[in-house]
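> Pasting in a structure now, in structure tokens, and then I'll have a few things to ask.
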């Protein structure tokens, strides 16, 4: 991908007007219009699925078949997480307040995550995808996204980094637990946003009631070992489905230097990757496989992302903007190779064509 970026343009009147022209075409297409009926159906199906799973768990009782139900719960809650994501992007309702509260209830009371923490993190990601020092999704953590991040690691962390591509799937099974831990920890940290502070106690109450309620329900119904196994399977499936939908979107795409300047259209397209598929893949990935379109039009209802894709792809082709789209397995192949390359060549010089050109 990076070899194609011969001369990425800087921000300016011409490139800014390019996005304005694209946005006008999309507005005229009607694809920014709300799809409330589509979302209400999805919300209703999710509620019925959760209710049905809870009832089935009670009826099955003390059995290892509960682990299959735990996997089902993880899959359903991943879908609820996607609905919370859509509400946070104000895709569902015209009212910002309705969207915010829908996202807050789905995230806190149903999934067990902090809406305020996630919204702040995700908003910063959308503003500067793959930009060092600005995108929290590529900040130093368990995964190293650049050789510089990996170079100073020692011991067990160095070994994990050298094999991080092959260890990606096992790491994703821990993503659900990590999201819960991060959300709870961040709830108690003071932030600069008064609005988030105002809802911090409410979010904490929702999350603790949800976590405590699930644990109490399982402990009363099942022996301790089966209850722990249920939670482990549910979190693993939830983490793989939710985290796995985000991983191929930007990993292995160009890393933007901290001081680089790019116009909005090029910034979003050059750092994003679409995953080619069908309506079933759209559902499994919550529409995030249309990552380029989602980043260009974050408030566009999910079912319209597939429909706007040909328009965006052709528009980019006419202007010579690389539009990256791969199949699911090919996307993960790129991700695994990139992560392994970062880990194995951490001490070698790393030259990103995009970074070099933006410094000229």
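> Hey, any hits in segment 223-231 for a residue that's in contact (Cβ under 8 Å) with a residue 60 or more places away in the chain, surrounded by fewer than 20 Cβ atoms within 10 Å (Cβ to Cβ) and in a loop (DSSP other than H, G, I, E, B)?
yes
> Something else about it: Can you give me the number of residues within segment 248-281 that are out of contact with any strand residue (DSSP E or B) (no Cβ under 9 Å at 6 or more places or on another chain), crowded, with 21+ Cβ neighbours inside 10 Å and assigned to a helix (DSSP H, G or I)?
Count: 5.
> Can you pull out every residue in segment 305-347 that is part of a loop (DSSP other than H, G, I, E, B) and touching a helix residue (DSSP H, G or I) at 6+ places or on another chain (Cβ under 7 Å)?
Across segment 305-347, the qualifying residues are 319, 321, 322, 323, 345, 346, 347.
> When the residues of segment 81-105 are narrowed to those that are assigned to a loop (DSSP other than H, G, I, E, B) and crowded, with 18+ Cβ neighbours inside 10 Å, which ends up nearest to the chain's Cα centre (by Cα)?
The residue in question is 89.
> Could you check how many residues of segment 127-147 are loosely packed, with under 14 Cβ neighbours inside 10 Å and touching a residue at least 24 places away in the same chain (Cβ under 8 Å)?
So the count comes out to 2.
> Counting only residues that are modelled with pLDDT under 90 and in contact with a helix residue (DSSP H, G or I) (Cβ under 7 Å, 6 or more places away or on another chain), which one in segment 194-236 is farthest from residue 50 (Cα to Cα)?
My answer is 196.
> State which residue pairs qualify: first residue within 20 Å of residue 109 (Cα to Cα) and inside segment 28-53, second residue assigned to a loop (DSSP other than H, G, I, E, B) in any location, beta carbons under 7 Å apart, and separation of 6 or more residues or different chains.
Here the result reads 39/92, each pair linking segment 28-53 to a residue that is assigned to a loop (DSSP other than H, G, I, E, B).
> If only one of 108, 72 is in a helix (DSSP H, G or I) and surrounded by 23 or more Cβ atoms within 10 Å (Cβ to Cβ), which one is it?
108
> Suppose we keep only residues that are without any contact (Cβ under 8 Å) to a residue 24 or more places away in the chain and farther than 20 Å from residue 81 by Cβ within segment 294-326. Which one would you say is surrounded by the most Cβ atoms within 10 Å (Cβ to Cβ)?
313
> What residue, among those in segment 282-293 that are on the phi < 0 side of the Ramachandran plot and not in a helix (DSSP H, G or I), is surrounded by the fewest Cβ atoms within 10 Å (Cβ to Cβ)?
288
The values are calculated or read from the model by the stated rules, or taken from the named source; none is laboratory data. Computed from a prediction, not measured in an experiment: that's the story for all the values here. All Cβ positions, glycine included, derive from the backbone under ideal geometry; neighbour counts span all protein chains shown.
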